[in-house]
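S.K.: Sending over a structure as structure tokens; questions will come in a sec.
The values are calculated or read from the model by the stated rules, or taken from the named source; none is laboratory data. Values in this document were obtained by computation on a predicted structure and should not be read as measured data. When we count neighbours, we look across all protein chains shown, and the Cβ atoms used for this are built from the backbone with ideal geometry, even at glycine.
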Amino acid sequence: MEEIREPLHLQSERVGARAEVRDLLRTKLSLVREKRAEAEGLEAQLSAALVGKEDPVMTKQLEACCSSPAAMCYWFTVSLVAWGVLSFIGIFWRPLHASSAVACLFAVAIGCLANWLRNRSFHCAITGPLFLIAGTVFLLSDVHLIKVKAEWVWPLVLIGTCIAFLLEWWYARHSIS
């Protein structure tokens, strides 16, 4: 009887070992398949980048941004140049002197117009006309055609600017979905 038990015991150990090896091989095979899928995805992204195609995931991330640093720099540069030109005119015509609200608001309105034309920044479509209207109100007040208190104009400009940026942020967030 002992002679029969010994081979059966050895055979059951072999079956158990085979099952362990089989399970181990299946696990390794699934890991290899996952790594291959990752490598193929990376290869597709790399070849798309080399060909010049944009990755759809990266495109959506770029669309979510309200204003890029390049757009802000462009707006600032155009506004600064416009302020310089308006300040030069202000040497000869007092309402446009360098430190006047009129010159500053007209300059940022010009910057917004240029930024909207070049980069299509959504908030600039709102803030540009807002700054232009506020600058015109201050100009008319400076030349004594109307009487306006600055304490009423500046909060409206601030609130309008905040609303423009909030709308741009909301629109950018919802255009991703």
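S.K.: Within region 99-131, count every residue that is surrounded by 16 or more Cβ atoms within 10 Å (Cβ to Cβ) and outside any helix (DSSP H, G or I).
M.R.: The number of residues fulfilling the criteria is 2.
S.K.: Starting from region 87-110, keep only residues that are within 18 Å of residue 134 (Cβ to Cβ), then list their pairs with residues that are charged (D, E, K, R) and not in a loop (DSSP other than H, G, I, E, B) whose Cβ atoms are within a distance under 6 Å, requiring at least 6 positions of separation or different chains.
M.R.: What qualifies is 95/142.
S.K.: Residues being of a type outside the set (A, V, I, L, M, F, W, C), at pLDDT below 90 and outside any helix (DSSP H, G or I): count how many of those fall in region 53-98.
M.R.: Count: 5.
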